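What follows is calculated from the coordinates using simple rules that are stated; it is not laboratory data. Quick caveat: nothing in here was measured; it's all calculated off a predicted structure. Here Cβ is always computed from backbone atoms with ideal geometry, including for glycine, and neighbour counts include all displayed protein chains.
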Amino acid sequence: MLNFRNWLRINDHDRLQYEATKQELVSKKWQTVQEYADAKTPIVKRIKERANNYFS
């Protein structure tokens, strides 16, 4: 997750995309926090892949 964090610090496009996703998701009603976390999984996976490729 450090690569993910560091990548968001240097990549405006992914940071803004992640921010927009979180803004969209936070406006929804979730039964549990885990449901919210699960809904973020697809974008987190995509960004983590790019971050890991960059930092490897």
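Tabulated results
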| quantity | calculated |
| --- | --- |
| Degrees, to the nearest 10: 12-26 long Cα axis against longest axis of the chain | 10 |
| The chain - Kirkwood radius from inverse mean 1/r over Cα pairs (Å) | 11.8 |
| Cross-link reach list, aspartates and glutamates versus LYS28, counting only Cα pairs under 14 Å and skipping chain neighbours closer than eight places | ASP38 |
| Degrees between helix 33-55 axis and first principal axis of the chain (Cα, 0 to 90, nearest 10) | 10 |
| For the chain, size of Cβ-based charge dipole, Lys and Arg +1, Asp and Glu -1, in debye | 80 |
